[in-house]
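Notes to accompany the following structure.
The values are calculated or read from the model by the stated rules, or taken from the named source; none is laboratory data. Treat the numbers as computed from the prediction; the structure is a model and nothing was measured. So basically every Cβ, Gly included, is an ideal-geometry build from the backbone, and we count neighbours across all protein chains shown.
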């Protein structure tokens, strides 16, 4: 994210909301061991720590809906990117997603492609 998007597109009109929480056993204590600002150091990034993983549950229930399709109640969405159009407005329902994928590293090509297309549409 930092090198491929933020550093590569320093003038792009994008906002990144990065939400961190412990999800797998290896994450235990991550809040104190890793400073997210070292991973995403850009003024267009807003960082959050979600101790209770509420956002992961919300995004699964309202956006990706993987838990509904698989019957996995209480599923938590994580290691995911969700791309919205610059003109998207949040109301009672989340706006249409331009693209989303998981895990982020494996879906890097799609994220770069879809972000590039969204930025092109924005400049038209």
Original post:
Can you tell me which residue in segment 6-29 is modelled with the lowest pLDDT, limited to those that are touching a strand residue (DSSP E or B) at 6+ places or on another chain (Cβ under 8 Å) and not in a strand (DSSP E or B)?
Top reply: 21
Subject >> Residue match in segment 51-61 (condition: farther than 22 Å from residue 107 by Cα, at pLDDT below 90 and part of a helix (DSSP H, G or I)) >> reply: no
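Among the candidates 64, 80, single out the residue that is crowded, with 17+ Cβ neighbours inside 10 Å and in contact with a helix residue (DSSP H, G or I) (Cβ under 8 Å, 6 or more places away or on another chain).
On the way: 64 fails: in contact with a helix residue (DSSP H, G or I) (Cβ under 8 Å, 6 or more places away or on another chain).
Just a single option satisfies the conditions, and that option is 80.
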**OP:** Identify the residue in segment 91-120 that is in contact with a strand residue (DSSP E or B) (Cβ under 9 Å, 6 or more places away or on another chain) and without any contact (Cβ under 8 Å) to a residue 24 or more places away in the chain and, among all such residues, is surrounded by the fewest Cβ atoms within 10 Å (Cβ to Cβ).
**Re:** 96
Subject >> Those residues of segment 34-50 which are surrounded by 12 or more Cβ atoms within 10 Å (Cβ to Cβ) and in a loop (DSSP other than H, G, I, E, B), in sequence order >> reply: 34, 40, 41, 42, 44, 50
